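Shown next, in structure tokens, is the structure this report addresses.
We did not get these values from a lab; they are worked out from the coordinates using the rules stated. The model shown is predicted, which means the values in this text are computed figures rather than measured ones. Counting neighbours? That spans all protein chains shown, and the Cβs are built from the backbone with ideal geometry, glycine included.
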Amino acid sequence: MYRRAFLALAAAVSTAAAGCLEYVTDDDGEEITDPGDVEIVWHDLLRDDPGTEDERVAVWGAVRNVGNRTLSYIEIRATFFDAEGEQLESVIENVDADVTTGREWPFEVEYPHFGERAAEVESYELEPATGV
């Protein structure tokens with residue numbers, strides 16, 4: 001698969017830039033970061049082997065660090081829906097690398113079921129988050 005090679009290459013290139021993560025704390029002293037620091041640049045729903053028992057569905061895309069600090073963890077939640085708008089599954093994937101300000105990082109969130117269950121997926125929503 002060419003996109004897996006792209007993801008590996010993009011990861012290798014992006015890890016060249018590293019830095020320090022500044023922490024923000026809430027009222028209880030817990031470390032948090034602002035989800036507004038991450039912007040989803042582009043995304044697309046992909047299907048492999050449609051109409052077979054091996055049908056696979058995934059969301060592929062890229063996020064950009066638009067904040068003022070290097071992020072060491074970015075989380076992408078993909079919620080998958082059927083044709084009637086009913087939620088089928090919610091899946092979280094993460095990017096575990098130093099993503100400096102202005103840098104983009106690829107992601108792929110795979111629907112956890114194959115075949116007929118994957119064929120039910122009609123749409124999705126994405127929600128980024130950051131953390132330490």
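Tabulated data for the structure shown
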read-out	value
Nitroxide proxy distance, nm - points 7 Å out along Cα→Cβ at Thr101 and Asn68	0.7
Label-point separation in nm, Glu89 to Leu126, each point 7 Å along Cα→Cβ	1.9
Integer Hz, Karplus 6.51/-1.76/1.60 couplings in order for region 104-115, x for Gly and Pro	9, 9, x, 9, 9, 10, 9, 5, x, 10, 10, x
Under-5 Å amide H pairs with Leu88, H placed in peptide plane, nonlocal only	Phe80, Phe81, Asp82
Cβ-based exposure ranking for Ile74, Ile92, in which fewest neighbours within 10 Å come first	Ile92, Ile74
Packing-based ranking, highest mean first, of 79-89, 93-103 given that Cβ atoms within 10 Å are counted	93-103, 79-89
Karplus-derived 3J(HN,Hα), 6.51/-1.76/1.60, for each residue of region 43-57, Hz, glycine and proline x	7, 7, 8, 10, 10, 10, 6, x, x, 10, 6, 9, 3, 10, 10
